[in-house]
1. Only residues in region 259-274 that are under 14 Å from Arg330 (Cβ atoms) and assigned by TED's automatic domain parsing to the domain that holds Ile240 count as the first member; pair them with residues that are of a type in the set (Ser, Thr, Tyr) and open to solvent by 20 Å² or more (accessible area, probe 1.4 Å), Cβ under 9 angstrom, at least 6 apart or cross-chain, and list the lot.
2. Hey, can you tell me all the residues within region 9-32 that are buried (at least 18 other Cβ atoms within 10 Å of the Cβ) and touching an Asp or Glu at 6+ places or on another chain (Cβ under 6 Å)?
3. Among the strands (runs of 3 or more DSSP E) contained in region 138-257, which hold 2 or more residues that are open to solvent by 20 Å² or more (accessible area, probe 1.4 Å)?
4. Within region 306-320, track down each residue that is small (Gly, Ala, Ser) and under 25 Å from Leu331 (Cβ atoms).
5. So in region 243-270, with the set limited to residues that are touching a Leu at 6+ places or on another chain (Cβ under 8 Å) and over 22 Å from Gly337 (Cα atoms), which one is nearest to the ligand (Cβ to nearest atom)?
6. Out of curiosity, is Thr300 among the hydroxyl-bearing types (Ser, Thr, Tyr) and in contact (Cβ under 8 Å) with a residue 60 or more places away in the chain?
7. If a residue has to be closer than 22 Å to Ala113 by Cβ and in contact (Cβ under 8 Å) with a residue 60 or more places away in the chain to count, how many in region 8-22 make the cut?
8. If I filter region 271-284 down to residues being among the aliphatic types (A, V, I, L, M) and in a loop (DSSP other than H, G, I, E, B), which single residue comes out as most open to solvent (accessible area, probe 1.4 Å)?
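The values are calculated or read from the model by the stated rules, or taken from the named source; none is laboratory data. Model, not experiment: these values are computed from the prediction. In this analysis, Cβ positions are derived from the backbone assuming ideal geometry, glycine residues included, and neighbour counts consider all displayed protein chains. For the accessible areas, the whole protein counts, side chains as well, though only heavy atoms, and no ligand, DNA or RNA atoms are used. Shrake-Rupley method; radii C 1.70, N 1.55, O 1.52, S 1.80 Å.
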Amino acid sequence: MNITVTKAPASRRAQANLDNPAFGEIFSDHMFLMNYRDGGWGAATLIPYGPLPMLPSMSALHYGQIVFEGLKAFRQKNGAVALFRPQKFYERFARSCRRLAIPAVSREQFIGAVKAVVREDAAWVPQKQGHSLYLRPFVFASESFLGVRASRAYTFMVIASPVGNYYKEGVKPVRLTTSLAYIRAAKGGLGDVKTPANYAASLLAAEEAREQGFAQVIWLDAIERRYLEEVGAMNIFCVIGGELITPPLEGTILPGVTRDSVLALAKAWGIAAVERRIAIDELYDARQKGTLREVFGSGTAAVISPVGEIRHGDTTLTVNGGAIGPLAQRLYDAITGIQYGEAADTFGWMEKVE
Ligand code: COI
């Protein structure tokens, strides 16, 4: 892909406080931008990070025809920079675009755009352990039109944000509550694609949970309000007896790249890893029987996020005495080990940016 580059007059990096940046607060010097008009993608450009010109009638602002992704670039032990599973993120992006009736960019355009930003802003890829450069590719309907139909114009962009540890205190078990009032997704809806509507639908529930002293919401299925679906914006895993269990991808759950990586590692380690429905009552039963070992979330931002306590109705369940479990810790260490080039990349997950 041929990219026209307009360099930022000066880098903002020296002024940025990169000690332990909060997630998504600081942005690098450049961004990728490419417009879709008249049935095709136009010129690929890399330009200084900054405001976008847009009209108030821009369709994405009204009807939410938007898809995004989130992946990370890591500083390797030897100084090189590598992306974690960019091909897998592209595949999900293309699937999400189909569901939102957005013309997808090609694999070459997606990967090329991500790498162009990382290459240009390589100085923004942190050196520190636990830190990385978070890449946010996204596409939105950019036609100025208020009629309800798929837009005829789109803008595809990639921005980059240096991030520290997702949890400033380090990997620490969180307290969660199920939501009985709200649902996140139903089959046939948008729950299995990465589009802002899912996140918008979750915010009020998350706010109410926080007001009650919980870090996030455990989402239950929309029909029976019984089966575990996701935890906050992450996939959920439970260890019951000797089994690692996660809900199956049946149309309401986002197919997480970290989720897929957890399943691959567990299988390689000879741990029984199964995808099946888990009822919230099964957790209580398992706790009663003494077989509930661990509950944790998985996602790109936090990698592994242990769950210490779950409230459901008027009952509360403590998991593993409120401490991180051994499998969650082992998975966190293994995934981050591969990401920083400290462990052998036996699955071929890392892709160097040269
Ligand atoms: C994750 O990476 O776990 C996410 O769900 C991304 C979130 C920051 C939108």
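1. Ala268/Thr346
2. Scanning region 9-32 gives Ser28, Asp29, His30.
3. In region 138-257, the matching strands (runs of 3 or more DSSP E) lie at 174-178, 234-240.
4. Gly308, the sole residue that qualifies.
5. For region 243-270, the residue satisfying everything is Pro255.
6. The answer is yes for Thr300.
7. Summing the residues that are closer than 22 Å to Ala113 by Cβ and in contact (Cβ under 8 Å) with a residue 60 or more places away in the chain in region 8-22 gives 2.
8. Ile271
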